[in-house]
Amino acid sequence: MADYDYDVLVIGAGPGGYVAAIRAAQLGLKTACAEGRETLGGTCLNVGCIPSKALLHASEYFEAAKGGAMAAMGIKVTPELDLPTMQGQRLDAIKGLTGGIEFLFKKNKVDWLKGYAQFKDAHSVEVAGKTVTAKNIVIATGSSVTPLPGVEIDNEGGVVVDSTGALELASVPKKMVVIGGGVIGLELGSVWRRLGAEVTVVEFLDQLLPGMDGDVRKEAAKIFKKQGMALKLGTKVTGVTVAEVNGGKSAKVTVEPAKGGDAEVIEADVVLVSIGRRPNTEGLGLGNIGLELNARAQIETDHDFATKVDGVWAIGDVIPGPMLAHKAEDEGIAVAENIAGLTGIVNHDVIPGVVYTQPEIAGVGLTEEAAKERGAIKVGKFPMLANSRAKTNHEPDGFVKVIADAETDRVLGVWCIASVAGTMIAQAAQAMEFGATSEDIAYTCHAHPTHSEAIKEAAMAVTGKPIHM
Ligand code: FAD
Ligand code: NAI
């Protein structure tokens, strides 16, 4: 048998890769992880989940103070925005957490190979001019921003930015145009709107948040409009031009109805391009191992996360499925366990998704539309306005919706719009993982007063008997 430098070599140290590497090492496998970025943690910790939440959290406080929500509870303050400090705490969060992964690598004896890896053959890669061999290689190279043809992104102080540039703005734009009403556009659009920008979201489809439940998408649009975001749905961007204006730069975004019609120009001092992300496979040397991509430029795997090439595995954003950190992490654990000869499984039917706006928007399982296509269903809905805790906290917006199979009562999907929907959705995911019926949730004792009681009441509503409505 060939001698390898490592049992497992993971390419990429995002939530997929670093978790795979740590789990492999925990299972006694000699493990290395190649990462070209200067810090570990991938998109999520450096320019994704964590920095966006740092700004979402801080801007929520700012808006609560400025917009009167605090005054309504008897706390009178006149806030002043100190953006450098707000940005500083974002950087502190990144530093603390990426450093934490470095510590975990050392603790678990995972070698960090600093540099971008390229396959030479199925068991060897070149990293920083050195060839490293491994019995198993896991591709966890993640994703990056999908460009908009003809629109150049300049994150170094430019006007047209992607999510990374939008996280790092040094001043609050007066007018911001967001191209794409998906998760990034709504989260980062909310940050800058709260801090004072006039935000216009241009979305090609006739609703925001593709992939989410239809009722949720409609309600979300109402809420964002009420909060002061201008929404241009069913609208496409046909061009963006940047010009020097009074010593600064400004953009003109030309849009027209997606189905055709008169064009309109929207001016902006920042344009955020957030029309999706695409897998990172370029420069990996996949041709050297004969690994082909699917039509969406993703790497296909089997249920164990093995690719068609023996000894080569893939996880996270680079393979099909939702591009989410927790999905990548779970796949990281599963692939390491499969490599170690255990049984690592991810249930892709039960992956929660959360939009961290205020209120938060969360869902797990099937949408009502998709569930109906599969057969007869029952739906229970409960408004947050009728939930005592949400009402007391001045958080009336949103609802919970539970979708169950009409015959078996098994829960097929749960959708929430609520201030803490991201936390609430965990119980729905767990219930679904255990094959719960709506009755199981309805008869589970929920602490009072909590937002989570709305999930119990929506489950009660599936059979028509909520108490507080
Ligand atoms: P990544 O995190 O992209 O990591 C891949 C790593 O591989 C990168 O560090 C890259 O440098 C490295 N790499 C690439 N090629 C090579 C190579 N050849 N050699 C060595 N290293 C290489 N998801 C959530 O679940 N919740 C959120 O709140 C959330 N917020 C987000 C906010 C933003 C603004 C963005 C952009 C994304 C957000 N996401 C969120 C998505 C989440 O970040 C990704 O789904 C997740 O990071 C994917 O993990 P991954 O390990 O597959 O890849
Ligand atoms: P997205 O796929 O969520 O949304 C992109 C939106 O842009 C869609 O609504 C699409 O219809 C629209 N669009 C596409 N082309 C367009 C065009 N030419 N003009 C106008 N609209 C157009 O992608 P997004 O927001 O860029 O995020 C990428 C991924 O990052 C997400 O899919 C998600 O997986 C991940 N993410 C997750 C977060 C979370 O979990 N809270 C937060 C941020 C990102």
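A short reminder: the numbers here are calculations on the coordinates, not readings from a lab. Everything numeric in this text was worked out from a predicted model, so none of it was measured. Every residue, glycine among them, receives a Cβ derived from its backbone with ideal geometry; neighbour counts consider all protein chains shown.
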Checklist outcome for this item: residue 76 and residue 430 label points (each 7 Å along its Cα→Cβ direction) are spaced in nm at 4.4 nm
Item to check | Partners for residue 95 among lysines (Cα-Cα distance below 19 Å; same-chain residues under 8 apart left out) | outcome: 53, 106, 107, 114
Checklist entry - Stretch residue 264-residue 302 to full length: gain in nm at 0.36 nm per residue minus the Cα-Cα span? => result 9.0 nm
Item to check | Rough spin-label spacing in nm, given labels placed 7 Å along Cα→Cβ, for residue 440 and residue 246 | outcome: 6.2 nm
Item to check | Full-stretch length increase - residue 131, residue 254 - with 0.36 nm per residue and alpha-carbon distance subtracted | outcome: 39.3 nm
Checklist entry - Viscosity 0.890 mPa s, temperature 25 °C: Stokes-Einstein D of the range 313-413 from its Kirkwood Cα radius, in µm² per second? => result 152 µm²/s
Checklist outcome for this item: Row for the chain, column shape: gyration tensor on C-alpha, a ≥ b ≥ c, rounded if a/c < 1.5 i.e. under 1.5, prolate if a/b over b/c, else oblate; value oblate
Next on the checklist: To check you understand DSSP bridge types, tell me what percent of the beta bridges within the chain (both residues inside) are antiparallel, rounded to 5.
Outcome noted: 60 percent
Item to check | trypsin sites (Lys or Arg not before Pro) lying in DSSP loop within the range 281-353, provided at most 13 other Cβ fall within 10 Å | outcome: 296, 308
Checklist entry - How about the range 1-61: which trypsin sites (Lys or Arg not before Pro) there are in a DSSP loop, with at most 13 other Cβ atoms within 10 Å of their Cβ? => result none
Item to check | Cysteines without a disulfide-compatible neighbour (Cβ-Cβ under 4.7 Å), the chain | outcome: 33, 416, 445
Checklist outcome for this item: With 0.36 nm assigned to each residue of separation and the Cα-Cα distance removed, residue 348 to residue 293 gains 17.7 nm
Item to check | Loop-resident sites, the range 260-369, for GluC sites (Glu not before Pro), counting at most 11 other Cβ within 10 Å (DSSP) | outcome: 282, 292
Checklist entry - If R0 is 45 Å, what FRET efficiency do you get for residue 393 and residue 3 from their C-beta distance, rounded to 0.05? => result 0.15
Checklist outcome for this item: So, relative contact order of the chain in percent, Cα under 8 Å, 6 or more apart, is 15 percent
Checklist entry - Rounded to a whole number, what is D in µm²/s for the range 213-326 from Stokes-Einstein with the Kirkwood radius over alpha-carbon pairs (20 °C, 1.002 mPa s)? => result 116 µm²/s
